[in-house]
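Chemist: Let me give you the structure first, and then I'll get to my questions.
The values are calculated or read from the model by the stated rules, or taken from the named source; none is laboratory data. Just so you know, these numbers come straight off a predicted model, no measurement behind them. Cβ coordinates were reconstructed from backbone atoms using ideal geometry, including for glycine residues, and neighbour counts include every protein chain displayed.
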Amino acid sequence: MAIIGKIREKSVLLVIIIGLALLAFILGGYEKMSLSSDEGIGYGTVFGEKIDPIKLQEDIAKFEQSDRTEFQKQQREYTQKDQDASSDKAFNFRVETTILEKEYEALGLDISDAEFDAYLYGTDGFTVMPDLAQGFIDSLTGQFSAKMLQKTIERLQSSAKPEEQKSWADSKEYYTNKRKQEKYFSILNQGVYVTKLEAEQEYLAQKEVKSVSYVVRRYSEIADDKIKISDAALKEYYEAHKNDKKYENKEANREVKYFDVTINPSKEDSAVFNKSLNTIKSGFTTTKNDSLFVLANSDVKFFTKQKAAAFRPEGDPKAKQGMTYPATMDTVFKTASVGQIVGPYIDGGNTRISKILDFNTKLCKVRHILIAAPKGDANKIAAAQVKSDSILKLLTKDNFAEYVTKYTEDPGSKDKGGVYEDFIEGEMVKEFSDFAANMPIGTIGKVKTDFGIHIIEVLDRKAVKFPILAVIQKTLVPSQQTADAIEDEVYQLLYKLDAKIASTSDVKKKVELFDTIVAKAGYMSRPLQIQENKPTLYGFTTPFAENKILTLAFNEESEVGNLCSSPIKDKNRYVIAMLSSIHAKGVPTFEEIEKQIEAELIKEEKVKRFTAQMVKKSLDVCAKKGNTQIMKAEVTFANPQIAGSGNEPEVVGAIFSGLKNGARSIPLKGESGVYVIRLDKTTKAPATANYTIEREQLLAGLKGNVSGQARGALMKKADVVDNRRFNQAGIRR
């Protein structure tokens, strides 16, 4: 792991972090905070024990470094949101590691020195792990070199530098834990078994077919508002069923209702903006200094005439961030002439005016072999020259791919036969790019760059027309006058809500008033459920807004009906929120499930009405009564679908529960309606004594689910509390 990084003269932690990231299961995002709490529950608990903040901080640093490096490789910006995601992965890794360590300890599961060495070097039945196999390759054989790995380990172990010793210690810990995890889940897999009887039942469930005719009266035939359920009936049902598992609150949570008012530019703002664009366009047309004009007028201060800076249409896989134009304008740009002004046009929510400076007209495809030699290392450069000359003497078009596999030191193209394609002139380093753009197709030669010696074959070159642009980018924003007017409107609306809601003590009416007033004002009220053990908020752009919502929902004085004390600013909008419900874990209150109960009782009433109309009636009579038609379907027990009606497991179960050929069922309550079924024919499964295929299918499915199910069960058993967001907001430490 870290040894690979050392060999490549990169961060000693890089590969460790990538490995760690593979173990993490991703949950949600949160705003990163410092890790200094020593009291309370800190940043979370596992089995009631606080997560070690020091270890968590170490994990966060590793994941952030790994993700930053990966983003750099992909030439992507590593944003605050990405940083939060890295922190989430670190938290989840720390949780899983803590849980599994307890499992290893309980089982006495360990890794001996001999097993570790075999695992690392790929002996005694083990295969070499891909990261090591790629990191320690003999340049002559092109194969994994155990000697290179061993020498590197010995050097790091005996190094006088503490960071190098730690790099090996971290690598050893990672691989040890990786092997423990493999053994642990292997043990669980060994406990999975499928009996012959189960395989036989699966065979029959798949092969036996019931041909049926049916009539269905769908619940949608009767509008819900045509059925009235009394309060007494609702409460009676609640008392009888409140302990049913389906109603249980799996986790304590709170619901906030909120709406937002966006700070948008007014018509007057748009008029002023458009006038300024016309002035800019006129000046852009006549200016003699494009660079200074762009820097003076554009919100984004960027100007270049380089060939590599050509723009591509949006959606082009080779396009660089910010260097695109709308795909719908592709013809406009490609038929324009140098010096022409294009725009104003909208691109990514911004307004752009572009001037054509030039065109990049060559799209290249090559394959190459890199003999690496760092800039400034004369000995390595000389050796690379000699090696490349010897390869070049033997190289042909026919053996080029073979030589790429054997000799290239460019990991970015090795798996693709050394091929780089669809790059424009100037996009690669100059020497490489010049060769690709100017040498005749089919030419094989070599060039020297800062990376080493490249042996290149020019495979193809296409004529394209990608514009090089000077871009003035402007964004329409609301004026201060507009922003002030919207702020006044929001405060007035909050004042109205507060006055109306404070006039009643009925919790249910408070929530209804909020929805009604918001709707009359032309906005939409949205619910947001927040779990107490893992508070995650979606739809907000700033930590400030998230913290305000969390405080409203979870501070010590929180009560249903409480409004935010002032409008919450969330970048370009104001948010007004109210705590609308508090759900404790376990048995729900009547108010929590009242709507759900009402829907179920309405459905039951529909079942009664349809049953009365269909009982002891033929399919023809049922169809006429319901103004519908008799439908046909082929049904198996393994797939409880009824053609034309969807998933109906209880109805299919009834079909396979003793209904005889030619017989008609009683009215059956289904998911989408009430059915009367006639069994027309049963096609028995072909006789067989071999259920191997079914057994293997069932076993593969069960084993494939072992890891996920075990993790889920362990997480539930561990009663994990993610307290990071509460800690940051100062609600619960």
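Chemist: Against the condition hydroxyl-bearing (S, T, Y), in a helix (DSSP H, G or I) and at pLDDT 90 or above, how does Y175 come out, does it pass?
Modeler: Criteria met by Y175.
Chemist: Any residue that is outside the structural domain of T97 (by TED's automatic domain parsing), free of Cβ contacts under 8 Å to residues at least 12 places away in the same chain, more than 29 Å from the chain's Cα centre (by Cα) and at positive phi - is there at least one of those in the range 657-674?
Modeler: Among the residues of the range 657-674, at least one is outside the structural domain of T97 (by TED's automatic domain parsing), free of Cβ contacts under 8 Å to residues at least 12 places away in the same chain, more than 29 Å from the chain's Cα centre (by Cα) and at positive phi, which makes the answer yes.
Chemist: Quick check on the range 340-347. Is at least one of its residues over 30 Å from L476 (Cβ atoms), touching a helix residue (DSSP H, G or I) at 6+ places or on another chain (Cβ under 9 Å), surrounded by fewer than 17 Cβ atoms within 10 Å (Cβ to Cβ) and in the same structural domain as S298 (by TED's automatic domain parsing)?
Modeler: no
Chemist: Taking the range 677-687, which residues are hydroxyl-bearing (S, T, Y) and surrounded by fewer than 12 Cβ atoms within 10 Å (Cβ to Cβ)?
Modeler: Result: no residue meets the conditions.
Chemist: For I568, all conditions in the list (1) modelled with pLDDT under 95; (2) of a type in the set (A, V, I, L, M); (3) more than 11 Å from K257 (Cβ to Cβ) hold save one; what is the number of the exception?
Modeler: Unmet condition: (1).
Chemist: For the range 443-460, state whether one or more residues are hydroxyl-bearing (S, T, Y) and within 30 Å of S270 (Cβ to Cβ).
Modeler: no
Chemist: Of everything in the range 612-623, what is surrounded by 13 or more Cβ atoms within 10 Å (Cβ to Cβ) and either in a loop (DSSP other than H, G, I, E, B) or under 50 Å from the mean Cα position of the chain (by Cα) (or both)? Give them in sequence order.
Modeler: Q613, M614, K617, S618, L619, C622, A623
Chemist: Also, quick follow-up: Taking the stated definitions as given, is K151 of a type outside the set (G, A, S) and surrounded by 12 or more Cβ atoms within 10 Å (Cβ to Cβ)?
Modeler: Taking the combined requirement at face value, the residue satisfies it.
Chemist: Tell me yes or no: at least one residue of the range 47-68 is surrounded by 13 or more Cβ atoms within 10 Å (Cβ to Cβ) and at pLDDT below 75.
Modeler: no
Chemist: Same structure, new question: If we keep just the residues of the range 203-242 that are part of a helix (DSSP H, G or I) and among the small types (G, A, S), which is farthest from Q697 (Cα to Cα)?
Modeler: If we take residues in the range 203-242 being part of a helix (DSSP H, G or I) and among the small types (G, A, S), then A232 is farthest from Q697 (Cα to Cα).
Chemist: For G418, state whether it is within 36 Å of the chain's Cα centre (by Cα), farther than 13 Å from L370 by Cβ and of a type in the set (G, A, S).
Modeler: no
Chemist: Check whether at least one residue in the range 626-646 is at pLDDT below 95, closer than 25 Å to L204 by Cα and basic (K, R), and report yes or no.
Modeler: Within the range 626-646, none of the residues are at pLDDT below 95, closer than 25 Å to L204 by Cα and basic (K, R).
Chemist: So if I check each of A319, A296, A336, which one is more than 22 Å from D422 (Cα to Cα), in a loop (DSSP other than H, G, I, E, B) and either of a type outside the set (S, T, Y) or touching a Gly at 6+ places or on another chain (Cβ under 7 Å) (or both)?
Modeler: Exactly one residue qualifies, and that residue is A336.
Chemist: Checking E600 against (1) closer than 29 Å to I227 by Cβ; (2) in a loop (DSSP other than H, G, I, E, B), only one condition comes out false. Which one?
Modeler: (2)
Chemist: Any idea how many residues of the range 247-300 are under 14 Å from Q473 (Cβ atoms) and in contact with a helix residue (DSSP H, G or I) (Cβ under 7 Å, 6 or more places away or on another chain)?
Modeler: Of the residues in that region, 4 qualify.
Chemist: May I pose another question? Do you know which of the residues in the range 306-322 that are closer than 22 Å to L277 by Cβ and either of a type in the set (V, I, T) or in contact with a strand residue (DSSP E or B) (Cβ under 8 Å, 6 or more places away or on another chain) (or both) is surrounded by the most Cβ atoms within 10 Å (Cβ to Cβ)?
Modeler: F311
Chemist: Within the range 531-574, which residues are over 13 Å from R254 (Cβ atoms) and among the aliphatic types (A, V, I, L, M)?
Modeler: A545, L563, I568, listed by residue number.
Chemist: Within the range 221-230, how many residues are within 40 Å of the chain's Cα centre (by Cα) and in contact (Cβ under 8 Å) with a residue 24 or more places away in the chain?
Modeler: Here the count works out to 2.
Chemist: Still on this structure: Being under 18 Å from A729 (Cα atoms) and touching a helix residue (DSSP H, G or I) at 6+ places or on another chain (Cβ under 7 Å) narrows it down to one residue among L579, L552; which is it?
Modeler: Just one listed residue meets the conditions, L579.
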